[in-house]
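Visitor: The following block contains the structure, expressed as structure tokens.
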Amino acid sequence: MIKLNDETLTAFAEPQLIGRVRLGLPDDYAERLLPQVLAGFARINPTIEVVVECLG
């Protein structure tokens with residue numbers, strides 16, 4: 001609940017970012033780390049488009 005409260009306060013206190021982030025990384029990192037990282041990023045930055053390219 002504290003984390004959710006902090007995210008809410010941050011969303012109202014800081015200007016909202018808009019744009020696109022391009023990310024490239026190997027497949028093994030994408031499978032293990034990317035889902036959690038992208039979920040957290042999307043929750044904090046809902047107006048940012050993330051483009052991911054994974055190469056083996």
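The values are calculated or read from the model by the stated rules, or taken from the named source; none is laboratory data. Just so it is clear, the structure is predicted and the values come from calculations on it, not from any experiment. Note that we place each Cβ from the backbone using ideal geometry, even for glycine, and neighbour counts take in every protein chain shown.
Let's see how each residue does on (1) small (Gly, Ala, Ser); (2) without any contact (Cβ under 8 Å) to a residue 24 or more places away in the chain; (3) touching a helix residue (DSSP H, G or I) at 6+ places or on another chain (Cβ under 8 Å):
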position: Thr8; (1), (2), (3): no, yes, no
position: Gln16; (1), (2), (3): no, no, no
position: Gly19; (1), (2), (3): yes, no, no
position: Leu25; (1), (2), (3): no, no, yes
position: Glu31; (1), (2), (3): no, yes, no
position: Val37; (1), (2), (3): no, yes, no
position: Ile48; (1), (2), (3): no, no, yes
position: Val52; (1), (2), (3): no, no, yes
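Visitor: Moving on. Please work out which one of (1) at pLDDT 90 or above; (2) in contact with a Leu (Cβ under 9 Å, 6 or more places away or on another chain); (3) surrounded by fewer than 10 Cβ atoms within 10 Å (Cβ to Cβ) is the condition Gly24 fails and give its number.
Guide: Single failed check for Gly24: (3).
Visitor: If you don't mind, another one. Here is a list: Glu53, Glu31. Which entry is surrounded by fewer than 11 Cβ atoms within 10 Å (Cβ to Cβ), modelled with pLDDT of 90 or more, acidic (Asp, Glu) and under 16 Å from the mean Cα position of the chain (by Cα)?
Guide: Exactly one of Glu53, Glu31 is surrounded by fewer than 11 Cβ atoms within 10 Å (Cβ to Cβ), modelled with pLDDT of 90 or more, acidic (Asp, Glu) and under 16 Å from the mean Cα position of the chain (by Cα), namely Glu53.
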